[in-house]
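The values are calculated or read from the model by the stated rules, or taken from the named source; none is laboratory data. Note that this is a predicted model, so its numbers are computed, not measured. All Cβ positions, even for glycine, are placed from backbone atoms using ideal geometry, and neighbour counts span all protein chains on display.
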Amino acid sequence: MTPRLLWFLRILIVVQSLGYAAKLVSPSSLNSFLLASMGDPFVTNLDDSVRIFLWLACLALLVIGLLNPAPASPTRRLDFSLLALLGGWSFLLAILSWVVNPGNPFHATDPYGHAARYLAPVALILLLSRKGTAWEGRIEWILRWGVAGTFLGHGLCALWLKPSFIDLIVGTLDLFLGDDPSAYASREAFALLALPVIAIQDFILVALLLLPGRRIRTVALWMAAWGFVTALSRMTAYGWDHWYDLALRACNGGIPLLLYFYWKSSAPKDKPS
Amino acid sequence: MNLLPFSSLLLTTLLLFSPLLAETPWLEKAFVEQKMEGLAPVKGDGPSQWRVIWTKEPSTRATISWTTAGKGKSHLVRYGLHSTGGDLGMTIEPQRNGPYSGGDGEHYHHARLSGLKPSTAYQFVIESDGKRSPLMHFTTAPSDDREFKLLFGGDSRTGVHARAQVNLLMADLSGKDEQVIAFAHGGDYIVSGKSWSQWSKWMSQHELTVAGSGKALPIIPTRGNHDGGPLYDEIFDVPGGSGKNYYHTMVSPQVALVTLNSEISAAGEQRAWLDKTLSGLRPKVRWLLAEYHRPAWPAVKGPGAAKKFWVPLFEKYNLDLVVESDGHVIKRTVPIRDEKQSPDGIVYVGEGGLGVPQRKPKADRWYLQKPGMSGAGHHLMRVTFGKKKMDYEVVLLDRKQADRCSFLPR
């Protein structure tokens, strides 16, 4: 993978982590999980500490990216440690979101619906530490599975008509078509029709992405566009102050875009006619 | 060894604190455990887990609900006017019966009473297969403009012992004050809405809200984010309709409580209903309130969809008070309009403390500054609806007042 793509992946992880840090103005799933046993202020202090760590880790990742240290150097080991912790935090939140909301089918999709978020740092560690075509192939599949998990999780939520998805559609329609009380119910009806179609689209994209021996660039590009559009809908529905909801979903569209550029760069050049 | 000084100290301590313990016996673990042992077991033929439910027209309607360990053969409610002493001349069979989802054959029964007289105490006994519940009574909502009180609270999940304590406080507040006529629960009754065992525990503990006099406090239910699944509708008889669970309660001709469901779409049909409902209610009532689970102006978390989709309507129709839960703290915001403090703004209270472990509020948020407040502690909110003012207060487990505020009619 080219240095430019490695940088792109690093930026995605930094943006995502900034989103996680900003999101910690609200209690994390870890906070909720530990509240009963550890109580407050312990859980609040824990969230505050994680937030500070995330800010510092983002800064450090950018600096280390610029320094580009040697693979076995202490700085690179620090880089890997930070990436592992960032991936671990995403993974922990995805699991605990499910655990602290028992019986909630939407939260139950988080362990795979957030796969792109926690597999992105894993992929960067491997790309920086393992060389060779074989390893690149394995890492490409890690990224493919991450995107597939994310689209599968969101597709299932759409199929099950997740209420917050309905609100994203209605809120976005309000923004572009105007706030019209007489249209609230019909916009919800439209969302209820659109969500199963979106779900089917997501499932088809997952199937095409996971086709063995195939790299369908159009699919990756479409997933990138759709990933960014759906992440952006958090802001079109709720306003600019929800920027962190877009940021922490940077990998939803970013990783498919990375795959697109990777496939494009490694495809045989078209012969001149 | 001379035990006299120790005994004297113990006696002095007991004498000093005995008036407090007499006022708040639920602070003693042994007292709570003793009360818990007295709860009706969900076994055999008899009724248990009784509750009175209010939804739309509580001046003339109420639903008496209970649980039996099995399907049973005959179920009925005997009821009559409390003023006639022991008369239980009227009977009604439950219109809706069925097995609880995920249970071990336990059944729910809902007897929907209608044609009741307003502001009237009805006594009742639940009878299943010949076994009877204790004699209880509740008072219907008024159809005139008399003063009365409602209790509010949310988040009774997780802390089982603390939940029992709050229920005993509720029974005490209700038993000692005839003006307290109902309790509005803001949601998150239990951790997992699909867990029958958790709901069963909650319902059994709900018996603790019945005062020593037998006064049962009708519950006005709200669905919280932990209350997903079919059991909520089986327990509360589908308040507001299946898939909706939003409705408005005319608690009196001058007081309306709009209960919203923050667990379904806030932006669509529910918002259209809210707009229509508030526009109809505002000119008619003096006190217009709304309640839902996920806060628009949270003291701990980020704002829910209510802020974007419901707050403009609250401001358009000048609600007098909005009750929220979910954060596990105590809060009262400054009056808010157009996302800033305004003398004619809407005040948001609550955040939930019916037993759930309490958090530390984010007291630096602008809308929690004075004259607003934030704090923590298991609590109930008591609202008195008068002709000239509405009094709001927060009562802690030790009966101390954590907050109070008065509102004038708009």
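If you scan segment A:151-194, which residues turn out to be away from chain B (no Cβ under 11 Å), out of contact with any Gly (no Cβ under 9 Å at 6 or more places or on another chain) and among the hydrophobic types (A, V, I, L, M, F, W, C)? Result: A:ALA158, A:LEU159, A:TRP160, A:PHE176, A:LEU177, A:LEU193, A:ALA194. Restricting attention to segment A:1-59 and to residues that are outside any helix (DSSP H, G or I) and polar (S, T, N, Q), the residue that is nearest to the other protein chains (Cβ to nearest Cβ) turns out to be A:SER26. Checking each residue in segment B:171-191 for being hydrophobic (A, V, I, L, M, F, W, C) and part of a strand (DSSP E or B) picks out B:VAL180, B:ILE181, B:ALA182, B:PHE183, B:ALA184. Set side by side, the residues A:ALA220, A:ALA194, A:ALA207 differ, and just one is assigned to a helix (DSSP H, G or I) and under 18 Å from the mean Cα position of the chain (by Cα), which is A:ALA220. Based on what the data block shows, is B:ASP177 at pLDDT 95 or above and either surrounded by fewer than 19 Cβ atoms within 10 Å (Cβ to Cβ) or within 14 Å of chain A (Cβ to nearest Cβ) (or both)? In short, yes. Meeting the requirement of 3 or more residues that are among the hydrophobic types (A, V, I, L, M, F, W, C) and touching a residue at least 12 places away in the same chain (Cβ under 8 Å), the strands (runs of 3 or more DSSP E) wholly within segment B:78-170 are B:121-128, B:148-153. B:ASN97 fulfils the conditions (1) at pLDDT 95 or above; (2) crowded, with 17+ Cβ neighbours inside 10 Å; (3) not hydrophobic (A, V, I, L, M, F, W, C) except for a single criterion, (2). I want to confirm something. Restricting to segment B:267-284 and keeping residues that are surrounded by fewer than 20 Cβ atoms within 10 Å (Cβ to Cβ) and aliphatic (A, V, I, L, M), which single residue is farthest from the other protein chains (Cβ to nearest Cβ)? By that ranking, first place goes to B:LEU281. Against the definition (modelled with pLDDT under 95, surrounded by fewer than 16 Cβ atoms within 10 Å (Cβ to Cβ) and out of contact with any strand residue (DSSP E or B) (no Cβ under 8 Å at 6 or more places or on another chain)), how does B:LYS43 come out, yes or no? So B:LYS43 fits the description; yes. Going by what's in this entry, would A:LEU209 be described as over 27 Å from B:LYS244 (Cα atoms) and either surrounded by 15 or more Cβ atoms within 10 Å (Cβ to Cβ) or not polar (S, T, N, Q) (or both)? Judged against the criteria, A:LEU209 is a match. Give segment B:321-357 a look and list any residue that's of a type in the set (Asp, Glu) and either more than 20 Å from B:LEU257 (Cα to Cα) or surrounded by fewer than 24 Cβ atoms within 10 Å (Cβ to Cβ) (or both), or say none. If the condition is that a residue be of a type in the set (Asp, Glu) and either more than 20 Å from B:LEU257 (Cα to Cα) or surrounded by fewer than 24 Cβ atoms within 10 Å (Cβ to Cβ) (or both), then B:ASP338, B:GLU339, B:ASP344 are the ones that fit. For B:HIS293, are the conditions met, namely being within 14 Å of another protein chain (Cβ to nearest Cβ), under 26 Å from A:THR172 (Cβ atoms) and either among the polar types (S, T, N, Q) or not in a helix (DSSP H, G or I) (or both)? The answer is yes for B:HIS293. All conditions but one from (1) in a helix (DSSP H, G or I); (2) within 11 Å of chain A (Cβ to nearest Cβ); (3) out of contact with any Pro (no Cβ under 6 Å at 6 or more places or on another chain); (4) in contact (Cβ under 8 Å) with a residue 24 or more places away in the chain apply to B:SER262; the one that does not is (1).
Scanning segment B:311-339 for residues that are touching a residue at least 24 places away in the same chain (Cβ under 8 Å), within 11 Å of chain A (Cβ to nearest Cβ) and under 18 Å from B:GLY268 (Cα atoms) gives B:LEU313, B:LYS316.
Rundown of residues vs (1) surrounded by 18 or more Cβ atoms within 10 Å (Cβ to Cβ); (2) within 25 Å of B:ARG163 (Cα to Cα), yes/no style:
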{"residue": "A:LEU35", "(1), (2)": "yes, yes"}
{"residue": "A:ASP40", "(1), (2)": "yes, yes"}
{"residue": "A:LEU59", "(1), (2)": "no, no"}
{"residue": "A:ALA72", "(1), (2)": "no, no"}
{"residue": "A:THR75", "(1), (2)": "no, no"}
{"residue": "A:PHE91", "(1), (2)": "yes, no"}
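Starting from residues that are of a type in the set (A, V, I, L, M) and farther than 25 Å from B:GLY280 by Cβ, keep the ones in segment B:220-258 and report whichever is farthest from the other protein chains (Cβ to nearest Cβ). Spell out how you get there, then give the answer.
Kept after step one, since they are of a type in the set (A, V, I, L, M), are these residues of segment B:220-258: B:220, B:231, B:235, B:238, B:250-251, B:255-258.
If we keep only those that are farther than 25 Å from B:GLY280 by Cβ as well, we get B:231, B:235.
Numbers: B:LEU231: 10, B:ILE235: 15 Å.
Going through the qualifying residues, I end up with B:ILE235.
What number of residues within segment B:368-398 are over 22 Å from B:PRO142 (Cα atoms), away from chain A (no Cβ under 14 Å) and outside any strand (DSSP E or B)? Number of matching residues: 6. Looking at segment A:81-107, which of the residues that are more than 19 Å from the chain's Cα centre (by Cα) and assigned to a helix (DSSP H, G or I) is farthest from the other protein chains (Cβ to nearest Cβ)? Top of the filtered list is A:SER81.
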